[in-house]
Amino acid sequence: MELDGIHHITCITADAPGNVDFYARVLGLRLVKKTVNFDAPDVYHLYFGDERGAPGSILTFFEFPDAARGRAGAGMIHRLRWRVASSDALAFWTDRLADENVEVHQLDDAIRFDDPEGLSLELAVVEAPDEPLTAEAPDIPPEHALQGFDGVRAYGPGREEEHKILTDTMGFELIAPGEYRLHGRRTANYGYDDPPAPVGMQGAGTVHHIAWCDRDDEHGAWRQRLAQAGEHPTQVIDRQYFLSIYFREPRGVLFELATPSPGFAIDEDPEHLGEQLRLPPQHEHLRDRLEAELTPLVNPRAEAPPSGAAVNPSETARS
């Protein structure tokens, strides 16, 4: 069995409209699904990604409107890293972010900045054999678009100690102390940094969990493998767009294994992903109330659709 890189990363926001504006308009990701938290349907679960909503490109957010600003600490992911194609792409993003009054820090072959709620983000020039996972945006040249995730960094003590769940059980390669890499159909990097002194606090601008992509016919076997390795995985949970198993790795980060199927086109035409509020069947009876209470959102594509893309005129309505 082999994992195929990152499936998705889920974070927390207190500001869904601002979140959509930053990730869809500024960063040019596609809003591929507008739904609700399956376990708490009164709040949004927003999914951003490439044109197809492909695993490896998906960034999701739970919206908790009253959430205080969080702080990453030990056992938490503190930085997300996307691939871009070239130094010219980094120059484009440096200028674009500066125009949005976002402070950008220059690194070797990378730039680093925070989203409006303090989540640390990085864009890096990465040479990889994987297919670029890009979204169409009218004001972002295709050659400069984000190309899917390269990896994440977490805070965790004991970087010198090999993480056997990662290597022996999940198939990561240990490439340096505290640095791990998956080599499946899509490569992904996972690294640890020494944690800061303050205790972490989950809230707006923090990462809730990371999901690694397994294969449809191996999902049940992965649960057995994790249990045999001494982990305590959940039962298989149907998340409508994928099947999930959750567990915590020994340094505390919440992991998920998610299947690539059935995908985000199961309840929407691929040309119209993210344009309407989609509810899981068990919450469909709440639609009238939820549509009245959820924060109104505007999809930037409704204002400036990419060339050739169809747009649903009702997108700017309350959702």
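Just one of (1) under 20 Å from Ile12 (Cα atoms); (2) at pLDDT 95 or above fails for Pro260. It is (1).
With respect to the conditions (1) more than 28 Å from Asp66 (Cβ to Cβ); (2) assigned to a strand (DSSP E or B), Ala211 falls short on a single one, namely (1). For the stretch 241-286, the set of residues classified as part of a loop (DSSP other than H, G, I, E, B) and surrounded by fewer than 15 Cβ atoms within 10 Å (Cβ to Cβ) consists of Ser261, Pro262, Asp269, listed by residue number.
Here is a yes/no grid of residues against (1) buried (at least 23 other Cβ atoms within 10 Å of the Cβ); (2) touching a helix residue (DSSP H, G or I) at 6+ places or on another chain (Cβ under 8 Å); (3) part of a helix (DSSP H, G or I); (4) among the aliphatic types (A, V, I, L, M):
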residue	(1), (2), (3), (4)
Asp4	no, no, no, no
His7	yes, no, no, no
Thr10	no, no, no, no
Val20	yes, yes, yes, yes
Arg25	no, yes, yes, no
Thr35	yes, no, no, no
Asp42	no, yes, no, no
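Within the stretch 93-112, the set of residues being in contact with a strand residue (DSSP E or B) (Cβ under 7 Å, 6 or more places away or on another chain) and in a strand (DSSP E or B) comprises His105, Ala110, Ile111, Arg112.
In the stretch 113-145, the residue that is surrounded by the fewest Cβ atoms within 10 Å (Cβ to Cβ) out of those that are charged (D, E, K, R) and in a loop (DSSP other than H, G, I, E, B) is Glu127. Screening the stretch 167-189 for residues that are in contact with a Leu (Cβ under 7 Å, 6 or more places away or on another chain) and not in a loop (DSSP other than H, G, I, E, B) and picking the one that is surrounded by the most Cβ atoms within 10 Å (Cβ to Cβ) gives Ala188.
The values are calculated or read from the model by the stated rules, or taken from the named source; none is laboratory data. Owing to the predicted nature of the structure, the values given are computational and were not obtained by experimental measurement. Cβ coordinates were reconstructed from backbone atoms using ideal geometry, including for glycine residues, and neighbour counts include every protein chain displayed.
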